[in-house]
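A.B. asks: So that we are looking at the same thing, I have put the structure below in structure tokens.
The values are calculated or read from the model by the stated rules, or taken from the named source; none is laboratory data. What you see is a predicted model, and the numbers here were worked out from it, not measured in a lab. Cβ sites come from the backbone with ideal geometry, for glycine too, and all protein chains shown count toward neighbours. Calculation scope for accessible area: heavy atoms of the full protein, side chains included, ligands and nucleic acids excluded. Shrake-Rupley method; radii C 1.70, N 1.55, O 1.52, S 1.80 Å.
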Amino acid sequence: MTEATDEFNRSTNVSVHGSAPAAPHDPVTEILKTSHTIAVVGLSNRKFRPSYGVADYLKSVGYRIIPVNPLEKEVLGEKCYARLEDIPEKVDIVDIFRRSEFVPEIVDAAIRINARAIWMQEGVIHHEAAERARRAGLFVQMNSCILKEHVRRLRLTKEPAGI
């Protein structure tokens, strides 16, 4: 069982097997369907980076993407912010493309801005920070690609994301 699946099962008590269709009350599907704005922490203008491809896809399916990277001014035509706390609007999902050692400070910022969810991309794992986010009431997905999960669960639907 993968780290993401194992973590998903522990956090939700929902059984997930391979790429089987999502359960009727699948919390991953629910957060993807009900979210509108995704802050992508670590998003860069380098088109070969996974963060760029994932954010580009998410924008193409209707999500509002907000880049968070102190080294960038604009990414994918969107103003870039240095920190989550600088974003002047409500953030639903904080999608993390940073090394695991940076996750605790990002989770703390996500809690401060009242985000609904933390999404740690593939290879990003921090159990203590994930538990702190859960205790604060945030949905947590760890070591999992939001693009892959969106495609698997929602890509075949006709309505745009976030509606």
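A.B. asks: Starting from the amide H of ILE118, placed 1.01 Å from N in the peptide plane, find each other amide H under 5 Å away whose residue is 5 or more places distant or on another chain.
C.D. replies: For ILE118, whose amide H was placed from the backbone, the distant partners under 5 Å are VAL94, PHE139, VAL140, GLN141.
A.B. asks: Hey, can you rank 96-104, 32-40, 70-78 by average C-beta count inside 10 Å, highest first?
C.D. replies: With the highest mean Cβ count within 10 Å placed first, the list reads 32-40, 96-104, 70-78.
A.B. asks: Given a cut-off of 21 Å, name the pairs among LYS73/LYS148; LYS59/LYS90; LYS59/LYS148; LYS59/LYS79; LYS47/LYS73 whose C-alpha atoms lie farther apart than that in the structure shown.
C.D. replies: LYS73/LYS148
A.B. asks: Which far-off residues, 5 or more places away or on another chain, put their amide H under 5 Å from the one on HIS36, with H placed in the peptide plane?
C.D. replies: Correct list: ASP92.
A.B. asks: Still on this structure: Please give the contour-minus-distance gain from GLU85 to HIS36: 0.36 nm per residue of separation, less the Cα-Cα distance, rounded to one decimal in nm.
C.D. replies: Between GLU85 and HIS36, full extension yields 15.8 nm more.
A.B. asks: Residue-wise, which Karplus ³J(HN,Hα) couplings in Hz belong to segment 99-106, taking 6.51 cos²θ - 1.76 cosθ + 1.60, θ = phi - 60°, and x for glycine or proline?
C.D. replies: The phi angles translate into 4, 4, 5, 8, 4, x, 5, 5 Hz.
A.B. asks: Sorted from largest down, give the three principal axis spans of the alpha carbons of segment 47-90, whole angstrom values.
C.D. replies: Sorted largest first, the three principal extents are 24, 22, 14 Å.
A.B. asks: Another question, if that's okay. Using only the alpha-carbon atoms of segment 25-111 as identical scatterers, what base-10 log of I(q)/I(0) does the Debye formula give at q = 0.10, 0.25 Å⁻¹?
C.D. replies: Per q value, in the given order, log10 I(q)/I(0) is -0.23, -1.38.
A.B. asks: Does anything in segment 33-60 have its amide N under 15 Å from the 7 Å Cα→Cβ label point of LEU71, and if so which residues?
C.D. replies: Zone members listed by number: 41-52.
A.B. asks: Report ³J(HN,Hα) in whole Hz for each residue of segment 117-132, in order, from the Karplus equation J = 6.51 cos²θ - 1.76 cosθ + 1.60 where θ = phi - 60°; Gly and Pro get x.
C.D. replies: 8, 10, 10, 9, 5, 3, x, 9, 9, 7, 4, 5, 5, 4, 5, 4
A.B. asks: Next up: Counting only protein heavy atoms and a 1.4 Å probe, tell me what percentage of segment 42-133's accessible area is made up of carbon and sulfur.
C.D. replies: Of the solvent-accessible surface of segment 42-133, carbon and sulfur hold 49 percent.
A.B. asks: Amide H to amide H, which residues 5 or more places from CYS80 or on other chains are under 5 Å from it, using H placed in the peptide plane?
C.D. replies: Counting only residues 5 or more places away or on other chains, the set is GLU74, VAL75.
A.B. asks: How much accessible area per residue does segment 60-123 have, in Å², with a 1.4 Å probe?
C.D. replies: So segment 60-123 comes to 48 Å² accessible per residue, rounded to a whole number.
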